[in-house]
Amino acid sequence: MTGTLPSPEWKKKRFKKKQDQRWLPGDLINMSIGQGYVLATPIQIASVYQTIANNGVKLRPTVVDRFVTYSGKVENNKPVVIKKLKVSPKNLKLLQNALRLPVSGPGGTAKVLYIPNYPVSAKKQGLHKNSGFGDNHSWIAGIFFHLIILRLFFCVNCRRWRIWRSSFRIYGTEIYIQI
């Protein structure tokens, strides 16, 4: 599935009426924070975070790192490089640092993921009402870093954010225990 990353060209193709085709400053603002016409699956969002964490190297998304057959044979699912983005190291570092702030910075919106001595980068997308789900929903995406070699990328879409928010700290702690 392909997502939607809106642009002035996309908007011209998408809408028939001239007045709806105009690219407005608000369109750029919404797009830059993942709202408005942006459409992406959780695996696409996790792939973006993985690329940022791996210094611009985009890997084929995988859900598991190995398969074990009935006979006990282990088949490793090795990383496959899709492409290396042409982004300066300075800009990548800026993105990496910016993604830490929602968890550990003052006034961060993803502080629910903060666990002392474990670096976590994440972004929580806002609370949406009247979305067709019948109640409030939100999503959170990011990276759990453990040591230097293991990274767990996640993107969770959740309903009833207020209930889920209080329990995510418990789930996040359990993930760290398992790692």
- [ ] List the number of the failed condition for G134; all other conditions in (1) among the small types (G, A, S); (2) assigned to a helix (DSSP H, G or I); (3) at pLDDT below 60 hold.
- [x] (2)
- [ ] Pull up segment 24-57, narrow it to residues that are touching a helix residue (DSSP H, G or I) at 6+ places or on another chain (Cβ under 6 Å) and surrounded by 17 or more Cβ atoms within 10 Å (Cβ to Cβ), then point me to the one that is farthest from L99 (Cα to Cα).
- [x] G56
Task: Counted residues, segment 62-76 - those being surrounded by 10 or more Cβ atoms within 10 Å (Cβ to Cβ) and modelled with pLDDT under 85 - done: 2
TODO: For V74, work out the one condition from (1) touching a residue at least 12 places away in the same chain (Cβ under 8 Å); (2) touching a strand residue (DSSP E or B) at 6+ places or on another chain (Cβ under 7 Å); (3) among the β-branched types (V, I, T) it doesn't fulfil.
DONE: (1)
Task: Residue among G26, G56 that is of a type outside the set (V, I, T) and free of Cβ contacts under 8 Å to residues at least 24 places away in the same chain - done: G26
Open item on the list: Take N97 and tell me if it is of a type outside the set (S, T, Y), modelled with pLDDT of 80 or more and loosely packed, with under 12 Cβ neighbours inside 10 Å.
Closed with: yes
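The values are calculated or read from the model by the stated rules, or taken from the named source; none is laboratory data. Predicted, not measured: the structure shown is a model, and the values here were computed from it. So basically every Cβ, Gly included, is an ideal-geometry build from the backbone, and we count neighbours across all protein chains shown.
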